[in-house]
1. Specify which of the listed residues (477, 408, 472, 418) is at pLDDT 85 or above, over 23 Å from the mean Cα position of the chain (by Cα), over 29 Å from residue 122 (Cα atoms) and part of a helix (DSSP H, G or I).
2. Tell me, please, whether a residue that is touching a helix residue (DSSP H, G or I) at 6+ places or on another chain (Cβ under 9 Å) and in a loop (DSSP other than H, G, I, E, B) can be found in the stretch 158-169.
3. Starting from residues that are at pLDDT 85 or above and in a loop (DSSP other than H, G, I, E, B), keep the ones in the stretch 435-454 and report whichever is surrounded by the most Cβ atoms within 10 Å (Cβ to Cβ).
4. Looking at 123, 112, 106, which one is crowded, with 16+ Cβ neighbours inside 10 Å and assigned to a helix (DSSP H, G or I)?
5. Condition first: touching a residue at least 24 places away in the same chain (Cβ under 8 Å) and either touching a strand residue (DSSP E or B) at 6+ places or on another chain (Cβ under 9 Å) or under 18 Å from residue 295 (Cβ atoms) (or both). Now tell me which residues in the stretch 330-343 satisfy that.
6. Quick check: anything in the stretch 480-490 closer than 23 Å to residue 388 by Cα and under 25 Å from the mean Cα position of the chain (by Cα)?
C-alpha cells in the first residue's frame, strides 16, 4: 500500500513539469585561476538548458576564469539569479572589476532578466561597484527584485555610484513602461556614511517599491538617517527596516519616527545600538501607539534610553497583537528601572515579549549631556591623557573623520592626533602599553573582561594609526604588539583591506628599521 502511494506521488510530481533550474558550486572552496580550471564548470553551464540560477559562493575566481564562465552564460536567456557572494577571497582588488564586467556583459548579451543579484562579502570597494555599473544600468536589471551587497567595503564613493546606477536604471525602465521595482536592498557594513546614505536615499525615494532595507554598521549619523527617513515614507510596502549600529541621536530618531507613520506594513524595526536616546524613543513610541498594526519586532537596544522612555515604549506596544519581541537591553534604566519595566510588561500581560535586560548600563550620570546632538569631536582636547583608555577612545573618535582624499581634513586630523599623543606619551603617569591594549579592545582585536563594545572600524582608524607608529613619540616596543594582532584574520577589519595592508607594511618596515 505504501509503495503504491509513493509511486502515485512520484507520477504526480513528474506530471507537474517541475525541473531543476539552478546550478550550484556553493562552498566548494575551489581556486579558479584560468580557463583550464573551469573547463568542467563551463561545460556543465553550457549543457544546462534553461539555466536560471548559478551559485558561485565560497570559491575564489580569477579574471580569466570569470571570462570563461561568462562565455558560457552568453546564451542563457532565461537566467535570473546570481548568487555570487564571497567569490573573490585572496584576489587582488584590481582583479575584481574586470571579472565582474565580464560576467555582467555576458548576462546583458544573453538578454537575461535578473531578479536576484547577490555580491555580498566581496571586499571590492568603490572599484567593484564600477564593475557592475554597466549591468545595473542595463535591461538585465530592469526586473531586479533583490540586490544584496553586504560587507563589500563600498564606501561613500561606491554608494554614490550605486545610487546613480539605480536611478538611471529606474528612469530607463520607466521609459519602457516597466519601472524598476526593487524589493530587497542589503548593504550592511559598507562605510556608506552620510553622503553615501543620502545618495541612496534619492534612489529609494524614486523607486518607492522597497519591502526590506538592511543597512547596519555604516557610520551613518543624523543627516544621513534623516535622508533615509524621508525616502522610506515613499516606500509604503516596507516590511523590514534594519539600521542597527548607526548613530541616530534625537534628530535622526525623531525623523525616523515621523517616517514610520507612513509605513503601516512594517513588521520589523531594528534601531538597536543607534543612540536614539530618550526623546527619540518617546517619538517612536508615539508612532507605535498610533499605528503600525502588524508590528512583530521592535529593537531599541543600546540607545541610552532611560526608564521613562522605556516605559513609554512598553505602553505603546500593549495593543500590538502581532508583536513577538521587544528589545530594550543595554539601555540606561538602572536596577529600579529594569524592575519597573518588567512589572509594567507583566501588568499588561505581555511580559513574555520583553527580551533580556542583562546588559543594562545603569542610570545615566546627572551631568550627562543628552542634548548634544552632534558627534562630539570638538572636546577631545579636554581628554585626561593620564587615562590610557580615554586617550584611546579620543584617538579613535578623531581618526574616524580622517579622509584620504581631502588634505585639509587629513592634516587637521593628524595634527590633532599628534598633539594628543605627544602630550600623553610625555606624561609620566601615562601607561603606553595600556593605551595599546585599550586600542586593540576598542578595535575588536582583543577580548575584554569588561564587556567593552568595539567601535565600527573605518579606514581612517588604520590610516591614522599608520601615521602614529612612524612618529618619534610612539614607543617602538609597542609596534610588535600591534603587528601581532593586526596579522590575525579578523572580520572587524575585513572592510578596510587597503588601509589594513598599508598599516601592516608600515609596521613591518618600522620594526625592521629599529
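1. 418
2. no
3. The residue in question is 443.
4. When all the criteria are applied, what remains is 106.
5. 331, 332, 333, 334, 337, 341
6. yes
The values are calculated or read from the model by the stated rules, or taken from the named source; none is laboratory data. Being a predicted model, the structure only gives us computed values, none of them experimental. Using ideal geometry, Cβ is built from the backbone for each residue, glycine included, and neighbour counts are taken over all protein chains shown.
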